[in-house]
Amino acid sequence: MQQKINVGLIGFGLSGRYFHAPFLTTNANFGLTKVVERHRNEAEAFDASIRTVRSHEDLLTDPAIDLIIVSTPNDTHFPYAKAALEAGKHVLIEKPFANTSEEARQLLQLAKDKNLVAIPYQNRRYDADFLTIRQLLAEDALGEVVEYESHFDRFRPDVLQNWKEQDPNGGGNLLNLGPHLVDQAVALFGAPEAVLGDIRTVRKGGTLDDYFDIRLFYSDKRVILKSSLTVPENRLRYIIHGTKASLTKSGLDIQEETLRKNMLPNTPDWGVEPEDHYATLTTADERHIIPSLPGNYHPFYDNLARAIRGEIAPEITPEQAYATIRILELAGESSRERRAIEF
């Protein structure tokens with residue numbers, strides 16, 4: 001039995017409470033020992049063995065902490081992660097990995113220099129829909145992909161008074177949902193040749209972007225990534241056209257919904273999707289319903305543990321982490337200049 005990796009978590013909001021703590025506390029590789037909360041003690045209510053501290057410096061100076069998870073507003077990702085790496089800690093950073101590609105480059109170089117792991121939390125690689133699509137592509141069920149379209153829509157017609165919709169230094173939908181869609185595209189197809197972006201604010205009273213349409217140009221395909229906060233019927237997730245078949249997929253992975261019901265990810269049938277979420281694969285002659293593979297974020301943490309122990313490389317490579325931020329950056333630049341920009 002290998003020694004547990006001791007974890008300090010900065011922030012216990014939505015992500016810390018539902019996306020990190022449940023998986024850390026049910027994974028034998030990790031021990032979630034300390035959580036930074038400024039004023040509350042919700043981590044201790046979740047698990048009495050967790051110790052609440054009030055400052056991230058408490059994690060930096062604790063020699064027992066191996067990994068620091070940054071789960072705080074976007075504008076704090078870079079300084080907190082940089083401080084963690086400088087203190088000799090591995091670091092897992094909520095998306096976006098950084099607000100700019102230069103910040104991402106600095107963090108990745110610092111991690112390399114110190115032989116530490118610095119990785120973004122790209123959990124959507126482990127959604128049921130994406131796992132199913134990866135398997136179908138590996139089996140050549142669609143042939144060569146010609147067009148890939150991915151949506152992550154929500155219906156929030158009223159502008160909220162929180163940092164995600166008010167803070168110009170890291171807020172906005174592009175940096176909120178954009179990293180998920182871009183990372184998935186990079187994981188499947190690598191970095192593009194060029195980027196075209198249309199980033200807009202469409203809701204009345206909005207000050208930050210709440211809509212994006214990003215086009216990634218490859219020599220043999222086009223990738224379309226879209227998100228809007230004004231879509232009441234937001235079930236559409238993927239439309240993929242290949243030389244052998246086309247695929248459509250609806251419904252968002254159920255893990256987040258399940259976690260919000262305070263269910264832990266060691267329950268039976270974790271991540272199993274209902275039949276109305278299944279994909280449809282259409283060829284010239286037939287139509288097939290494709291059952292979804294179960295979604296499961298546990299393999300992300302398993303890979304992270306093995307990477308920290310030096311057994312394997314992180315599944316999300318430094319090159320992919322950088323490319324995702326750079327693509328988002330270029331999408332914004334493209335939208336302002338109204339032209340495609342080379343990657």
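The values are calculated or read from the model by the stated rules, or taken from the named source; none is laboratory data. This is a predicted model, so every value here is computed, not measured. Here the Cβ positions follow ideal geometry from the backbone for every residue, glycine too, while neighbour counts run over all protein chains shown.
Observations on the model:
- Residues located in region 201-236, provided they are modelled with pLDDT of 95 or more, of a type in the set (Asp, Glu) and surrounded by fewer than 17 Cβ atoms within 10 Å (Cβ to Cβ): ASP213, ASP220
- Counting the residues of region 264-316 that are under 30 Å from GLN3 (Cβ atoms), touching a residue at least 60 places away in the same chain (Cβ under 8 Å) and of a type outside the set (Lys, Arg) gives 20.
- Members of region 85-126 that are over 16 Å from THR72 (Cβ atoms) and under 10 Å from the mean Cα position of the chain (by Cα): GLN122, ASN123, ARG124, ARG125, TYR126
- Single residue of GLY242, GLY295, GLY251, GLY271 found to be small (Gly, Ala, Ser), over 19 Å from the mean Cα position of the chain (by Cα) and surrounded by 18 or more Cβ atoms within 10 Å (Cβ to Cβ): GLY242
- ALA340 being closer than 26 Å to LEU225 by Cα, in contact (Cβ under 8 Å) with a residue 24 or more places away in the chain and surrounded by 20 or more Cβ atoms within 10 Å (Cβ to Cβ): no
- Looking at region 228-325, the strands (runs of 3 or more DSSP E) lying wholly inside it that each contain 2 or more residues that are in contact with a helix residue (DSSP H, G or I) (Cβ under 9 Å, 6 or more places away or on another chain) and over 27 Å from PRO157 (Cβ atoms) sit at 236-242, 279-282, 287-290.
- Every residue from region 12-58 that is among the acidic types (Asp, Glu) and surrounded by 15 or more Cβ atoms within 10 Å (Cβ to Cβ): GLU37, GLU42, GLU44, ASP58
- The residues of region 149-174 that are touching an Asp or Glu at 6+ places or on another chain (Cβ under 9 Å) and either aromatic (Phe, Trp, Tyr) or without any contact (Cβ under 8 Å) to a residue 24 or more places away in the chain (or both), listed by number, are PHE155, TRP163.
- Candidate set: region 104-117, residues that are outside any loop (DSSP other than H, G, I, E, B) and touching a residue at least 40 places away in the same chain (Cβ under 8 Å); chosen: the one nearest to VAL91 (Cα to Cα): ALA111
- Taken together, LEU85, LEU59, LEU92 contain a single residue that is modelled with pLDDT of 95 or more, under 30 Å from GLY332 (Cβ atoms) and part of a helix (DSSP H, G or I), which is LEU85.
- Every residue from region 119-148 that is surrounded by fewer than 17 Cβ atoms within 10 Å (Cβ to Cβ) and touching a residue at least 60 places away in the same chain (Cβ under 8 Å): GLN135, ASP140, GLY143, GLU144, VAL146, GLU147
- Residues in region 20-48 that are in a loop (DSSP other than H, G, I, E, B), touching a residue at least 12 places away in the same chain (Cβ under 8 Å) and in contact with a strand residue (DSSP E or B) (Cβ under 9 Å, 6 or more places away or on another chain): THR25, ASN29, GLU37, ARG40, ASP47.
- Top-ranked residue in region 162-191 [being polar (S, T, N, Q) and surrounded by 17 or more Cβ atoms within 10 Å (Cβ to Cβ); ranked as nearest to THR207 (Cα to Cα)]: ASN173
- Single unsatisfied condition, PRO79 versus (1) more than 26 Å from LEU188 (Cα to Cα); (2) under 18 Å from the mean Cα position of the chain (by Cα): (2)
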